[in-house]
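Here is the structure we will look at.
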Amino acid sequence: ILEPTSICNLRCPFCHQAEESFTKNKDMLGMMDLELFKKIIDEAHAEGTKAITLTCRGEPTLHPDINEILMYCKGKFLEFKMNTNATKMKDEFIHTVLQCGITDMVFSVDSFLKEQYESLRVGGVFEEILENIKRFKEIREKEYPDSKCVTRISGVQVSDEQDPKKFKEFWEQYVDFVVMVRMLNRW
């Protein structure tokens, strides 16, 4: 697991990003230097690492060099996964994902209802992430029909008000897989 950035644009109440002692601590936040990232990838590849996931505390798409980061990993790993909150997926990024060999693209989305989504993914706009995910599917189907990139919606169930069945029924028209897991209290 590699974290290109520990910065996130959302403040989900179930995430440590909502904790001010973390987000106000400048020593905890930052962007990985591109050369350091390349060095880590080169060493991982040379040592036989087979799987890389870009995820952790931050939102990878906020890294200014994310497209270069993705292309640098091309062809080096059997499994290449990325988690994103789907808020910053422009066409250029989508094309890069589909060209760089990502095998698993995970969209972290916790609801199919606008009000519920926006209360859980604070700072996110439901219509925008829905359009971004639809756009990803459209580009993949039209321009990359042989793509091996599998898409997944991953949700966190923080309350019984969230309906995992309806969540799956809504999102499965846009992605290959839909999962919802119960929140773990990490604090």
| note | Once normalised by the length of the chain, the mean sequence separation of its alpha carbon contacts under 8 Å that are 6 or more apart gives a contact order in percent of 20 percent
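Accessible area per residue of the stretch 32-187 at 1.4 Å probe, in Å²? The partial results should precede the final answer.
Details: 8320 Å² over 156 residues.
Result: 53 Å² of accessible area for each residue.
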| field | Hydrodynamic radius of the stretch 51-94 per Kirkwood, over alpha carbon pairs, in Å | value | 11.1 Å
| Of all the Cα-Cα pairs you can form in the chain, what percent are over 23 Å apart? | 43 percent
| query | P(r) tail for the stretch 81-125, what percent of Cα pairs lie past 12 Å? | reply | 65 percent
| task | Determine the percent antiparallel among the DSSP beta bridges restricted to the chain, to the nearest 5. | result | 5 percent
| request: Would you please classify the overall shape of the stretch 99-168 from the alpha carbon gyration tensor, given that a ≥ b ≥ c denote the square roots of the eigenvalues, rounded means a/c under 1.5, and beyond that prolate means a/b larger than b/c while oblate covers the rest? | output: prolate
| message | Spelling out what I want: for every residue of the stretch 40-47, take phi, set θ = phi - 60°, compute 6.51 cos²θ - 1.76 cosθ + 1.60 (Karplus), and round to whole Hz; glycine and proline get x. | response | 4, 4, 4, 5, 4, 5, 4, 8
| note | The ³J(HN,Hα) series, computed from each phi in the stretch 138-149 with the Karplus coefficients 6.51, -1.76 and 1.60 at θ = phi - 60°, rounded to the nearest Hz and given as x for glycine or proline, is 4, 5, 4, 5, 7, 10, 9, x, 9, 4, 9, 6
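The values are calculated or read from the model by the stated rules, or taken from the named source; none is laboratory data. As the structure is a computational prediction, the values presented were derived from the model and not from experiment. Note: accessible area is taken over every heavy atom of the protein model, side chains too, but ligands, DNA and RNA are not part of it. Shrake-Rupley method; radii C 1.70, N 1.55, O 1.52, S 1.80 Å.
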